[in-house]
Amino acid sequence: MKKWLLFCFLLPFCLFGEINDDGDFQIWNTDGIDIRLSPKSSFYGDIEFRYGDDAKKLYYKHIHLELNWNLNRHVILTPGFRFIWFRINNKWVKENDPLLKLTLFFLNSRQVVITDRNWVQYRNLPDEFGGKHRFLYRNRIQFLFPWQFGSNQINPYFSNEIFWQEAWGIFENRAIAGVMIPRSSRAFFDFFYMYRSLKNLQKTWVQNNVFGAGVHFHF
């Protein structure tokens, strides 16, 4: 019984019968702020809410904090921390995880920006689920295309991210097509569609359709 509960916590699609089922439509909202600290460093923070079961139920939320260090024009090192809440049977269960990201810029020009983000997260599962610790690794390749559209610049992007977790293997893939639209020099909107694949407890892959929206501020 304890092992079953642990696996349910590791894989968010078990939180509700309808959440993350095959074909589930979801809405994710992420709002962030980026504050420049020096020419080579900045602070970034965001909050995120996820609604599943055809976007009717809030089942996930987090607060994300990080410091970005530009080692050079090709490499960014980012230590951070994420506070996560999952809703299980109308009860919120919290997880607090340190993380480290290494972002590599393969190409950074006026026409296209290609990055490879490597994310390592140390998951601290709560006592209710055995208090286990698991390493999570995420790898995302992203293509960003800065386009001048009339008097405005819009930034279409495409990305694919793979998730691997200790004791479970590859369990999630996120393919995203989106666009970032500047509202001013200090704010932009982000809209995207995500085709999300998850591996369930029977090791069968299910798919979700996710619409994402948010606003990000720069200071």
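Results for (1) buried (at least 18 other Cβ atoms within 10 Å of the Cβ); (2) within 28 Å of LYS56 (Cβ to Cβ), shown as yes or no for each residue.
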residue	(1), (2)
ASN152	no, no
PHE158	no, no
GLU172	yes, yes
VAL179	no, yes
PHE217	no, no
(request) Return the pairs, sorted by first residue and then second, in which the second residue is of a type in the set (D, E, K, R), the first residue lies in the range 184-200 and is within 14 Å of ALA213 (Cα to Cα), the beta carbons are less than 9 Å apart, and the residues are 6+ apart or on different chains. (result) PHE189/ARG183; MET194/ARG174
(message) I need the full set of residues from the range 112-133 which are in a strand (DSSP E or B), of a type outside the set (S, T, N, Q) and either buried (at least 17 other Cβ atoms within 10 Å of the Cβ) or over 22 Å from the mean Cα position of the chain (by Cα) (or both), in order please.
(response) VAL113, ARG117, TRP119, ARG123
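Residues are listed down the side, and each one gets a yes or a no for (1) at pLDDT 95 or above; (2) touching a His at 6+ places or on another chain (Cβ under 9 Å); (3) surrounded by 14 or more Cβ atoms within 10 Å (Cβ to Cβ):
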{"position": "ASN68", "(1), (2), (3)": "yes, no, yes"}
{"position": "HIS74", "(1), (2), (3)": "yes, no, no"}
{"position": "ARG82", "(1), (2), (3)": "yes, yes, yes"}
{"position": "ASN89", "(1), (2), (3)": "no, no, no"}
{"position": "TRP92", "(1), (2), (3)": "no, no, no"}
{"position": "LEU107", "(1), (2), (3)": "yes, no, no"}
{"position": "ARG110", "(1), (2), (3)": "no, no, no"}
(request) Please work out which one of (1) surrounded by 15 or more Cβ atoms within 10 Å (Cβ to Cβ); (2) closer than 29 Å to ASP127 by Cα is the condition ILE63 fails and give its number. (result) (1)
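The values are calculated or read from the model by the stated rules, or taken from the named source; none is laboratory data. Nothing here was measured: the structure is a model prediction, and the numbers come from that model. Using ideal geometry, Cβ is built from the backbone for each residue, glycine included, and neighbour counts are taken over all protein chains shown.
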